[in-house]
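First comes the structure, then the notes that go with it.
Laboratory data are not the source of any read-out in this text; all were calculated from the coordinates shown. No experiment lies behind these values; they were computed from the predicted model shown. Reconstructed Cβ throughout: ideal geometry from the backbone, glycine too, with neighbour counts over all protein chains shown.
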Amino acid sequence: MSTLSHRGEIALTALEISRSFGGVQAIRDVSFEVEAGTITALIGPNGAGKTTLFNLITNIFPPHSGVVSLFGASLEGWSPNRVATAGLIRTFQSARVFPGMSALENILVGRHRLANATIPGQMFRTPFARREEKALIGSAEDLLEVIGLADDRDTHAPDLPMGSQKLLDIARALMARPRVLLLDEPAAGLNDSETAQLSELLMAIRESEITVVIVEHNMSLVMDVADQVIVLEAGRLIARGTPADVQADGRVIAAYLGSSEEECPERGSA
Ligand SMILES: Nc1ncnc2c1ncn2[C@@H]1O[C@H](COP(=O)(O)OP(=O)(O)OP(=O)(O)O)[C@@H](O)[C@H]1O
Ligand SMILES: [Mg+2]
């Protein structure tokens, strides 16, 4: 499988995927495509099934029916680890930094997919393992630079502001060299300037030809960065299109107006 992606190529496909838990049909017959090198936003009211869809795509819970493909390869029967190794990397909605570790060490946690040295090699610090470790630290330092935290390299990560912790979480995922990156509510808990920084980071990630799917409630962020918006309601895909198409879609407006806690896409503020 080539690791270079080209715009126009289909990075991720879901074909009629469904999954129930007990009697609850959490995802019903959902189909969509994500073009390589683009940002897709997955939106919908609380409980719509957005996180569940990420769990199905990454095979944390396999779909009961339907197929997910990554650059044309079906992921059916793959372990979540194999899915990650193929370049489909996700962050978690409740993700926090690891306590007891610096900012740099938090990013290095994402390196496992890249390390080639054997365990004995790492334990006894062979020249190969030492060279590899140095290169990985260099990459993690570059990522700290990209997210604007170079000066906090050695800061205890939990002491950083929430926005910086969220950016570290994304940098950790980037350290695993994703081809497709799934982010579950990366802007939750961020202030306006942190959200603006996140938006720039997302565009920089797209520039580097990594395909992004983002679950997000912050509609101004979604409308700013997304090339495609997918809307879920009660486990069904009710709309898919450009941000403008989706904002004008009657079913989408109704889905949001029916849910008092949610922000209606039409209103477009944070
Ligand atoms: N492992 C599970 N066991 C039982 N029910 C589940 C499981 N995973 C998801 N569900 C159900 O699937 C539905 C969708 O939940 P999900 O967390 O995917 O929603 P969401 O769109 O991510 O919501 P939010 O915006 O609040 O994060 C809910 O009814 C939830 O209870
Ligand atoms: Mg969720």
Classify segment 13-83 from the C-alpha gyration tensor, please: rounded if a/c falls under 1.5, else prolate or oblate depending on whether a/b exceeds b/c. oblate
Segment 153-227: relative contact order in percent, alpha carbon pairs under 8 Å with at least 6 residues between: 34 percent
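Taking each pair of distinct Cα atoms in segment 104-226 once, what is the resulting Kirkwood hydrodynamic radius in Å?
It works out to 15.4 Å.
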Under Stokes-Einstein, segment 190-258 at 20 °C and 1.002 mPa s, with its Kirkwood radius over C-alpha pairs, diffuses with a coefficient in µm²/s of 164 µm²/s
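What does the charge count around residue 229 come to, taking other residues whose C-beta lies under 11 Å from its C-beta (Lys +1, Arg +1, Asp -1, Glu -1)?
-3
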Exposure-ranked with fewest Cβ neighbours within 10 Å first, 92, 21 stand as 21, 92
Treating only the Cβ of Lys, Arg, Asp and Glu as charged (+1, +1, -1, -1), what charge dipole size does the chain show about its Cα centre? Round to the nearest 20 debye. 1100 debye
Cut-off is 10 Å between beta-carbons; in what order do 33, 76, 207, 185 appear when sorted fewest neighbours first? 207, 76, 33, 185
For the chain, evaluate the Debye formula with one uniform point scatterer on each Cα (no solvent term) and list log10 I(q)/I(0) at q = 0.15, 0.17 Å⁻¹, rounded to two decimals. -1.14, -1.40
Using a Förster radius of 35 Å, what is the FRET efficiency between residue 142 and residue 16 based on their Cβ-Cβ separation? Nearest 0.05, please. 0.30
Shape category assigned to segment 25-140 from the gyration tensor of Cα positions, a/c cut at 1.5: prolate
I'd like the antiparallel share, as a percent to the nearest 5, of DSSP beta bridges with both residues in the chain. 55 percent
Relative contact order, percent, of the chain when contacts are C-alpha pairs under 8 Å separated by at least 6 residues? 25 percent
Proxy exposure order for 217, 64 (fewest C-beta within 10 Å first) is 64, 217
Counting only DSSP beta bridges with both partners in segment 67-215, the antiparallel fraction in percent, to the nearest 5, comes to 25 percent
